[in-house]
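The structure appears below as structure tokens.
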Amino acid sequence: MRGLAVFISDIRNCKSKEAEIKRINKELANIRSKFKGDKALDGYSKKKYVCKLLFIFLLGHDIDFGHMEAVNLLSSNKYTEKQIGYLFISVLVNSNSDLISLINNAIKNDLSSRNPTFMNLALHCIANVGSREMAEAFAAEVPRILVAGDTMDSVKQSAALCLLRLNTTSPDLVPMGEWTARVVHLLNDQHLGVVTAATSLITTLAQKSPEDFKTSVSLAVARLSRIVSSASTDLQDYTYYFVAAPWLSVKLLRLLQCYPPPEDGAIRGRLTECLETILNKAQEPPKSKKVQHSNAKNAVLFEAISLIIHHDSEPTLLVRACNQLGQFLQHRETNLRYLALESMCTLASSEFSHEAVKTHIETVINALKSERDVSVRQRAVDLLYAMCDRSNAKQIVAEMLSYLETADYSIREEIVLKVAILAEKYAVDYTWYVDTILNLIRFAGDYVSDEVWYRVIQIVINRDEVQGYAAKTVFEALQAPACHENLVKVGGYILGEFGNLIAGDSRSSPLIQFDLLHSKFHLCSVPTRALLLSAYIKFINLFPEVKGTIQEVLRSDSQLRNADVELQQRAVEYLRLSCIASTDILATVLEEMPPFPERESSILAKLKKKKGPGNLHPDLDENRKERSVNGGTVAASPTPSTDLLGLGSTIATQNSAPPVSKGTSLLVDVFSENIIPDMRCLPLAPFPSRFVCKNNGVLYENQLLQIGLKSEFRQNLGRMYVFFGNKTSTQFMNFAASVFILCIPADPTVDGGAQLQQILNIECVSDFVDAPVLNIQFRYGGTLQNIAVKLPITLNKFFQPTEMTSQDFFQRWKQLGAPQQEVQKIFKAKNSMDTEVTKAKIMGFGAALLDGVDPNPSNFVGAGVIHTKTTQVGCLLRLEPNTQAQMYRLTLRTSRDTVSQRLCDLLSEQF
Amino acid sequence: MMHFLLLFSRQGKLRLQKWFTPVPEREKKKIVRDMTTMVLGRKPRSCNFLHWKDLKIVYKKYASLYFCCGLDAEENELLALEVLHRYVELLDKYFGNVCELDIIFNFEKAYFILDEFLLGGEVQETSKQVLSRSIEASDMLQETMEEYMSKPAF
């Protein structure tokens, strides 16, 4: 597409954004006028303009037209146009629902085309767009294609992943059915590509309904075991940089993670063996220095470790996994250090390996301090969090706190949450907890969310032993000239509740406490001020001696007439309360807060919401539980799976095996209506042309004699049974039949009403035009009768049909592109143009009828090989009917020009 | 599964974008912006993995182009790196020493090749031979079909 290339260069040459926009607008105007023009655009131009629009869209500009033209391309005959149409649709049409029905129509046609290339395009489009309307239209069709016995491998792969996609977007529309059992058996497929795609699908489906796919476990283990134990060359191109089928291995290992360890001892043993082999391989020297080799190998290793952790049942494996990860912690590849940290997080939660993980604490702390890469440091934080327990909490919290001072802004909030949780969870004495939280606020006040400071207050209120210490500590912390607003909040609340516990010290007398708090007041936001006002009224209750000072503050215009309603209301109410209420009432109203009910920490909930990676085992466990619940409720799937599969495969063989007897077992008897011409007077009777496509029938008939034929051909050999029937009541005398010069001995007499049979053996030596002649002589009632008929032995009788894919077809079509190899004929239809009849004729002619190869479904395409003694001649044919004109165009391409010509002549006579 | 694959240059120019889940246009632009700033801001010799929202980001630089993909949390990062590598190999095989310009001028080919390899964010076929064969076949099909179909109607 030269125009497209020119346009792209133009865009690239634009010096400024404005120039680019100008050029694009010019192009858009041009395309719009072309689309709107009176002249109908040819496919090529349509494709070019749609492609330009796509380019413009991908540059980041909006496209609001051209969708219709793209949809038109979908039904184009030309592969490129169709391909571009589909590309445009999958990139641009997400929600344009008014076009969906048109698109669905085109997809439906391509899915039923039986042309694997087109089917793949259509399946890709469904997967790419994945809209609900599409799911509704094809959710039943795609599984059918997937498990059909005659579906090509590449189509199966597309269908499997397309189904996976539909299942993710609209799970309710993809019901489990009899196909599920067959899908599981795809794990046994010969083609590793099919197995890979199927494993992805099964993994997703097994998560949804584990019970239905339980049989996949043993199959997956068997498959995995074969891969793991194979030599690196066994799997040919599925070996990736000396690693046997890494993608498939990883997917199988992931599938196994949908299930608990296998109950069957043998399977379980085999799986353990696999996992051990994978762990062993990690210790072997690398087979290649390329990073691809180590990546692929370690990808499998990490996935195996994930499975070991998931099963969480084999202590030896768990410890081995942990040691392996420990090695990676010090690896020079940053990627491996990162993954080791990540993977160890999950390992830390297993009771079998928790202690083993803890031995690496120094390495992890070192990683936190020295890793240059923030994402690695973040994984180190995660791991420290995961490996933390009572024994090492102080050390870990201290390290995390000190890291917090220099930590990247992007991860500070998460660290704060983690520190807060650990400090609470493992606090032995709560003074440490209070210190830790105040340090958090000091080092990273901006990142301390409300949940964190709510929590510290809840804990202080619930625990008497820490209240005095808390009051003292916040009082000291508030002395800092600049302190974070969060500290003011915590300070205000705690002093308001427990200021009395430190009021005995003259350095923290009530007035000093109040002044300290109030000095921060004007720097704070409205919610904090509101909180401080509440602290003040609490002070009035705690310390009657400062009542006057506080009332004065409340009475000031800046409070009573504050523009903020909340602040104003609090000031007014608190002031009135302090003026009219008696001490008793005040004491009751402003009593110390009751303990908070113990419940799950709100910080933990927040961390969960943030979905900190790899450290939320509770979630994992929930999933497991859900799965088993699902598994329990879903009824066991019906088990005639093997039968079904057996049925499927017989269908496959029937379809793929070439029919042995050609033209004899056709469903439609297309020739029955032909009237046999009376050819008595002709000295040399040509055989009826129907014999070109038919092997049996009456070859010749007059008042005396009927010649019937039955013949069969195989490769370059044939056998013909000739039946001579005497129609009269008297005997034929001196009966002789000969082919060419060769005389065939026959019984010299044929009784009246009797039939004589002769057998001719035929061999095709080379390609030929003329048919052999059968001469018959006999005496009937004294007169010598002489009859000569051509035997219906034509070149096409030595056809062997060849089934092929459209790719193969077009590849050969291209190879047979020399001008003399092609013969074409355009001719008028002599019979009615019935599709079924035409199909039967082409098959009778001897060629395989290839469905779905020609983009135009009304055309017929056939392929076969002509066998002669010396050579074989590959033949392709294409017949294009034009019903309006009542014409046909027949094209033949064979490797030999004479064959092309002869076959074309023969076949063109048939329609 | 993979959620998206982006190819962008050192200057942050987007060269290819493939979305395996439906994402509104506005959101796409935001993701592209986030990815380019995040990935381009990484120091050399950093690790190739990042966390972003609930996705794993895996990226790798090939010459002047960055290949960057977003994965589900349970996906295998190392293997994702090799998915990127295999795609580069396929492009390389098709274009012969692929460079950024090849992808700019033949963007539709780059998409077609990707479609042979990945579908719905999952690896469809991993064999380079099978893949190159089907890519060649569709190319061949393209040429031959044009010739096949070009005869004027009768």
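Nothing in this text is a laboratory measurement; each read-out follows from the coordinates by a stated rule. What you see is a predicted model; the values in this text were computed from it and never measured. All Cβ positions, even for glycine, are placed from backbone atoms using ideal geometry, and neighbour counts span all protein chains on display.
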Looking at segment A:83-150, what % of the alpha carbon pairs are farther apart than 21 Å? 17
Report, in whole Å, the centroid distance computed from the Cα atoms of segment A:409-440 and segment A:207-239. 46
Enclosed volume per residue, in Å³, of the convex hull spanned by Cα atoms of segment A:178-276: 91
From the phi of every residue in segment A:720-729, what ³J(HN,Hα) in whole Hz does the Karplus formula 6.51 cos²θ - 1.76 cosθ + 1.60 yield, where θ is phi - 60° and glycine or proline is x? 10, 9, 10, 10, 9, x, 7, 7, 8, 9
Rounding to the nearest 10 and keeping the result within 0 to 90°, find how far the Cα-based axis of helix A:641-656 lies from the longest principal axis of chain A. 40
Within the P(r) computed for the protein assembly as shown, what percentage of the Cα pairs occupies the region above 61 Å? 32
Inter-label distance, nm, simple model (7 Å from Cα along the C-beta direction), residue B:29/residue A:526: 3.3
Can you give the average number of partner chain beta-carbon atoms within 10 Å of each beta-carbon in peptide B:127-135, as a whole number? 4
In vacuo Debye sum over C-alpha of segment A:1-92, base-10 log of normalised intensity I(q)/I(0) at q = 0.16, 0.18, 0.21, 0.24 Å⁻¹, listed in q order, is -0.62, -0.77, -1.03, -1.28
Residue A:573 to residue A:512: FRET efficiency via 1/(1 + (r/R0)^6), r the Cβ-Cβ distance, R0 25 Å, to the nearest 0.05? 0.40
Between residue A:545 and residue A:354, what length comes free when the chain is fully extended (0.36 nm per residue of separation minus the Cα-Cα distance, one decimal in nm)? 63.1 nm
From the phi angles alone, apply the Karplus equation (6.51, -1.76, 1.60; θ = phi - 60°) to segment A:164-172 and give each ³J(HN,Hα) in whole Hz, x where the residue is Gly or Pro. 4, 5, 4, 5, 6, 7, 9, x, 5
Peptide-level mean, for B:11-22, of C-beta atoms on other protein chains within 10 Å: 3
Theoretical ellipticity at 222 nm over the protein assembly as shown - DSSP helices of four or more residues, -39500 (n - 2.57) apiece, nearest 500: -17000 deg cm²/dmol
Using a simple charge model, +1 on the beta-carbon of Lys and Arg, -1 on the beta-carbon of Asp and Glu, nothing else, what dipole does the protein assembly as shown show about its Cα centre, in debye to the nearest 20? 3200
Contact order normalised by length for segment A:412-589, with contacts defined as Cα pairs under 8 Å and 6 or more residues apart; what percent is it? 15
Please work out the C-alpha center-to-center distance from segment B:49-71 to segment A:332-392 and express it in whole Å. 22
Among B:28/B:53; A:78/A:814; A:17/B:109; A:36/A:78; A:418/B:30; A:290/B:60, which pairs are too far apart, with a Cα-Cα distance over 18 Å? A:17/B:109; A:36/A:78; A:418/B:30
Peptides A:417-429, A:8-20: what's the order by average Cβ count within 10 Å, highest mean first? A:417-429, A:8-20
Express the relative contact order of chain A as a whole percentage, based on alpha carbon pairs under 8 Å and six or more residues apart in sequence. 7
Can you check what the net charge comes to around residue A:263, using other residues whose Cβ is under 15 Å from the Cβ of residue A:263 (Lys, Arg +1; Asp, Glu -1)? 0
Simple spin-label estimate for residue A:777 and residue A:370 in nanometres, 7 Å along Cα-Cβ: 11.2
Amide H within-cut-off set for residue A:773, under 5 Å, with H built and near neighbours excluded: A:740, A:791
If R0 is 51 Å, what FRET efficiency do you get for residue A:44 and residue A:188 from their C-beta distance, rounded to 0.05? 0.65
Quick one: Debye curve from the C-alpha atoms of segment A:1-158, no solvent, what's log10 I(q)/I(0) at q = 0.10, 0.12, 0.17 Å⁻¹? -0.41, -0.56, -0.98
Which stretch or stretches of segment A:419-453 have amide N atoms under 15 Å from the point lying 7 Å from residue A:402's Cα along the Cα→Cβ direction? none
Kindly state, to the nearest 0.05, the FRET efficiency for residue A:751 paired with residue A:144, given R0 = 56 Å and r defined as their beta-carbon distance. 0.40
Give the peptides A:355-362, A:101-108, A:26-33 in descending order of average Cβ contacts within 10 Å, highest first. A:101-108, A:355-362, A:26-33
Could you check the simple spin-label distance between residue B:72 and residue A:102, using points 7 Å along Cα→Cβ, in nm with one decimal? 3.5
Bin width 10 Å, alpha-carbon pairs only: give the P(r) of segment A:313-387 as whole percents, running from 0 to the bin holding the largest distance. 23, 58, 18, 2
Length added when fully stretched, residue A:883-residue A:715, from 0.36 nm per residue minus Cα-Cα: 57.0 nm
By average C-beta atoms within 10 angstrom, highest first, the peptides A:714-727, A:115-128: A:115-128, A:714-727
Per the rule of 0.36 nm per residue minus the C-alpha distance, extending residue A:178 to residue A:766 adds in nm 206.5 nm
Divide, for segment A:689-790, the radius of gyration over alpha carbons by 2.2 N^0.38 Å, where N is the residue count. 1.10
Over segment A:412-589, what per residue volume does the convex hull of the Cα atoms give, in whole Å³? 112
Can you list which of the GluC sites (Glu not before Pro) found in segment A:369-405 are DSSP loop residues with at most 13 other C-beta atoms within 10 Å? A:405
Just tell me how shielded B:46-59 is by partners: mean number of partner chain Cβ atoms within 10 Å of each residue's Cβ, no decimals. 5
Coordinate range along principal axes, alpha carbons of segment B:2-150, Å, largest first: 50, 32, 31
Express the relative contact order of segment A:1-153 as a whole percentage, based on alpha carbon pairs under 8 Å and six or more residues apart in sequence. 15
Rg and Dmax in Å for segment A:748-853, alpha carbons only: what are they? 20.8, 65
